[in-house]
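The values are calculated or read from the model by the stated rules, or taken from the named source; none is laboratory data. Fair warning: this is a prediction, and the values are worked out from it, not measured in the lab. Backbone-built Cβ (ideal geometry, glycine too); neighbour counts: all protein chains shown. Areas reflect the complete protein model, heavy atoms only, side chains present, ligands, DNA and RNA absent. Shrake-Rupley method; radii C 1.70, N 1.55, O 1.52, S 1.80 Å.
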Amino acid sequence: KAGVTQTPRYLIKTRGQQVTLSCSPISGHRSVSWYQQTPGQGLQFLFEYFSETQRNKGNFPGRFSGRQFSNSRSEMNVSTLELGDSALYLCASGLYRGQETQYFGPGTRLLVL
Amino acid sequence: AQTVTQSQPEMSVQEAETVTLSCTYDTSESNYYLFWYKQPPSRQMILVIRQEAYKQQNATENRFSVNFQKAAKSFSLKISDSQLGDTAMYFCAFSGGNQFYFGTGTSLTVIP
């Protein structure tokens, strides 16, 4: 099976812009979670989607949003970008919610100038 | 709330030697899973090993094994015969209550 794919892999934006990142889970996986990884804050949970519904949300401002489509593909959107949003954004997929193993994609590296 | 603690920010080991990475967690859940993930410089997060809390037997995957002490809420990773390719950041993770929790990571360097 193909692994988790994320597009784009690299992105450069300027402050105030918005960005949309995409994640395609492993075939058959219905859970998709998003994480932000920065050198200072480590791995921070953004949100989890299962069956097109947001099930869990981390402690991030409303500028961060996401959605999941019927084919389990997910997108996350960040509006009004700030310099501090520069990070590696990781997507992980799992068969079901919670205790199932999560498999990670290669990540999207976002740089905000 | 669940927490995962990795108290060793950095470690190093000589090639071919054995190293143990520590992880403790706190939870009130009775049914949960524990994981070790590896993130090499390429940044791809890779699953190393998984342990179900209800299993008493420690999980093993080739050169990687865990020491799971449920009562002490400890979950350490032992890497035997360390190889240069083991150089990476290692994250301990807990899964329970329908959410994943990650530790802050241990940066492991294997010295030739």
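Considering only the stretch A:37-92, state which residues are among the acidic types (D, E), surrounded by fewer than 16 Cβ atoms within 10 Å (Cβ to Cβ) and either within 12 Å of chain B (Cβ to nearest Cβ) or free of Cβ contacts under 8 Å to residues at least 40 places away in the same chain (or both).
Residues of the stretch A:37-92 among the acidic types (D, E): A:48, A:52, A:75, A:82, A:85.
When the remaining residues are screened for being surrounded by fewer than 16 Cβ atoms within 10 Å (Cβ to Cβ), the result is A:52, A:82.
Hit for the stretch A:37-92 is A:E52, nothing else.
If I filter the stretch B:79-93 for residues that are open to solvent by 70 Å² or more (accessible area, probe 1.4 Å), touching a Lys or Arg at 6+ places or on another chain (Cβ under 7 Å) and among the β-branched types (V, I, T), do I get at least one hit?
no
How do the strands (runs of 3 or more DSSP E) wholly within the stretch B:7-112 filter down when requiring 1 or more residues that are hydroxyl-bearing (S, T, Y): which remain?
Numbers: elements: B:10-14, B:19-21, B:24-26, B:33-39, B:46-52, B:64-69, B:74-79, B:88-96, B:99-102, B:106-111.
Passing ranges, in order: B:10-14, B:19-21, B:24-26, B:33-39, B:64-69, B:74-79, B:88-96, B:99-102, B:106-111.
Which of the residues spanning the stretch B:96-112 are over 12 Å from the mean Cα position of the chain (by Cα) and under 26 Å from A:N56 (Cα atoms)?
Hits for the stretch B:96-112 are B:G96, B:G97, B:N98, B:Q99, B:F100, B:Y101.
Counting only residues that are open to solvent by 10 Å² or more (accessible area, probe 1.4 Å) and either without any contact (Cβ under 8 Å) to a residue 12 or more places away in the chain or facing chain A (nearest Cβ under 7 Å) (or both), how many does the stretch B:101-112 have?
Of the residues in the stretch B:101-112, 2 are open to solvent by 10 Å² or more (accessible area, probe 1.4 Å) and either without any contact (Cβ under 8 Å) to a residue 12 or more places away in the chain or facing chain A (nearest Cβ under 7 Å) (or both).
One line per residue, one yes/no per condition, for (1) open to solvent by 30 Å² or more (accessible area, probe 1.4 Å); (2) within 12 Å of chain A (Cβ to nearest Cβ); (3) among the small types (G, A, S):
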{"site": "B:E29", "(1), (2), (3)": "yes, yes, no"}
{"site": "B:R43", "(1), (2), (3)": "yes, yes, no"}
{"site": "B:V48", "(1), (2), (3)": "no, yes, no"}
{"site": "B:Q57", "(1), (2), (3)": "yes, no, no"}
{"site": "B:S65", "(1), (2), (3)": "no, no, yes"}
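If B:L34 meets every condition in (1) under 24 Å from B:G97 (Cβ atoms); (2) open to solvent by 60 Å² or more (accessible area, probe 1.4 Å) apart from one, which number is that one?
So B:L34 meets the others, but not (2).
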